[in-house]
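Got a structure for you, written out below as structure tokens; questions coming shortly.
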Amino acid sequence: MNITQQMVFDTLNMFAFLAVELTILFLLISYIVGVLQEYIPPSKIQSILSSKNGKGYIIAGFLGAITPFCSCSTIPFLKGLLRAKAGFGTMMVFLFASPLLNPIIIGLFAVTFGVKVTVFYFTIAMSVSIAAGYLLEKLGFEKYIKPEAYITPENKACASSCGSNNKPMSKWTRIWHSTWTDFKKVLPYLIGGIALGSMIYGFMPTEFVASVASESNPFAVPIAAVIGIPLYIRAEAVIPLSAALAAKGMGLGAVMALIIGSAGASLTEVVLLKSLFKNPMIIAFLTVILSMAIGAGYLYSYLF
């Protein structure tokens, strides 16, 4: 198998893997959120994650840290928060913090790079997530949420409450109908994002990444941050990949930027967010992740 064939194979393999994984994750998390909404009233979520309550930002950050979500599987949970009308700033904190601080990344960080580097990463990711959520709230970015993002999908006629024999539908089946309707709406975004992300993954060799982000390149950190965002790399893979790139000569500051860029955002997530946010909010989201990645990369290079 030549190099081109291998790249095509890797692309198709990644597409199939992500299509199956993200479909299962999206349906599962959406269903769990639907169940939670049955038992936790929106007023309770509003009070806990209220932007008026200063503690809400910190709670949202730690909620993100304990949920094992990647950048894409954060979206259905975010939809649940939108429909529960949680505070906008706290929702943004969760959106930033959840993929960056999930337990898998923190555990792998500690094993691969040590406790000191892990504490540095956690502190940067948590503090920037909270600051960004607060700032976006104060700047009025809530107006860039699409109105339909707040609407819980309903089935026509009696489909939301009745089965095929016009018998009352159980709440579990009703939640599933809502979940499936949601999934069908985002499916075009999901497939498009996965296809683009898989192509970048398959056709961007690690040797190229290591060479352009080597320690000798003064622009290695921003280059690594920009390269990281289009990639969709699972938490289980991003840390070992980063360690391998460091062994090939990639600067450690650039490694930090790559991890934050790839874990904090992905092309697939950005495409999915298009179903919820208008363009100014998408740009603000990417700006926060890029700024965090570049800032952390340079600070890491300076301190370590």
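The values are calculated or read from the model by the stated rules, or taken from the named source; none is laboratory data. Fair warning: this is a prediction, and the values are worked out from it, not measured in the lab. As a convention, Cβ positions derive from the backbone with ideal geometry for all residues, glycine included, and neighbour counts pool all protein chains shown. In case anyone asks, the SASA skips ligands and DNA or RNA and just uses the protein heavy atoms, side chains included. Shrake-Rupley method; radii C 1.70, N 1.55, O 1.52, S 1.80 Å.
THR112 to ASN279: FRET efficiency via 1/(1 + (r/R0)^6), r the Cβ-Cβ distance, R0 22 Å, to the nearest 0.05?
0.05
Pulled fully out, how much extra length does the chain show between LEU135 and SER216, if you take 0.36 nm times their separation in residues and subtract their Cα-Cα distance?
This chain segment gains 25.6 nm when fully extended.
Say R0 is 35 Å: what FRET efficiency, to the nearest 0.05, do PHE62 and GLU21 get from their beta-carbon distance?
Efficiency, rounded to the nearest 0.05: 0.85.
Run the 1.4 Å probe and let me know the accessible area of TYR300, rounded to the nearest 10 Å².
20 Å²
Enter the accessible area per residue of region 257-304 (Å², integer; probe 1.4 Å; all protein chains in place).
Dividing the accessible area of region 257-304 by its residue count gives 33 Å².
If you don't mind, there's one more thing I want to ask. Over region 219-304, what lengths in whole Å, largest first, do the semi-axes of the equivalent ellipsoid take, defined as the square roots of 5 times the eigenvalues of the alpha-carbon gyration tensor?
24, 15, 8
Which log10 I(q)/I(0) values does region 1-42 give at q = 0.16, 0.22, 0.26 Å⁻¹ under the Debye formula, counting every alpha carbon as one identical point scatterer?
The Cα Debye sum returns log10 ratios of -0.56, -0.72, -0.81.
Quickly work out the VAL8-to-ALA149 label distance, labels modelled 7 Å from Cα along the C-beta direction, and quote it in nm with one decimal.
Label at ALA149, label at VAL8, 3.9 nm between them.
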